[in-house]
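Have a look at the structure below, then the notes.
Each value in this text was obtained by applying a stated rule to the coordinates, not by laboratory testing. Computed from a predicted model, the values in this text were never measured in an experiment. As a convention, Cβ positions derive from the backbone with ideal geometry for all residues, glycine included, and neighbour counts pool all protein chains shown.
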Amino acid sequence: KLEEYGFALSDASRAIEVDPKYAKAFYRRATCYLQIAKPQLAVADFKRVVALEPRNTIVQSQLTATQKLVRRIEFEKAIEVEGEKNPVERCHEIIAEGQLSEFP
């Protein structure tokens with residue numbers, strides 16, 4: 001709750017090492033992965049929780065939502081125009097080319 005995700009990840013991973021069937025540790029680690037923007041890793045842990053607790057509808061919902069997030073991220077990466085320059089690089093080029101003279 002104190003947003004110390006590194007410690008929480010470490011604790012959950014240690015708990016999983018001690019008891020590989022400890023669903024709560026997988027769940028906590030998955031939620032930490034989401035908080036640090038690693039949804040692919042969260043999906044893997046949510047899948048483990050669902051495998052250990054197949055009737056847990058809350059985790060099933062979270063798994064589905066996280067999978068959708070991963071697909072959206074992958075889609076957005078796929079539609080980025082390859083070779084497109086980032087805005088900062090383009091601004092530097094415009095300045096270097098002297099194209100700002102047309103603005104007052």
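The distance between label points at A78 and K24 comes to 4.0 nm (points 7 Å beyond Cα on the Cα→Cβ vector).
Explain nothing, just the number: relative contact order of the stretch 13-73, from Cα pairs under 8 Å at least 6 residues apart, as a whole percent. Please report the intermediate quantities before stating the final value.
Working: 55 pairs, mean separation 17.5, N = 61.
Over the stretch 13-73, the number comes to 29 percent.
The shape of the stretch 1-75 can be summarised by an equivalent ellipsoid whose semi-axes, obtained from the alpha carbon gyration tensor, come to 19, 16, 9 Å from longest to shortest.
For the pair S13 and E93, a Förster radius of 35 Å applied to the C-beta separation gives a FRET efficiency near 0.15, rounded to the nearest 0.05.
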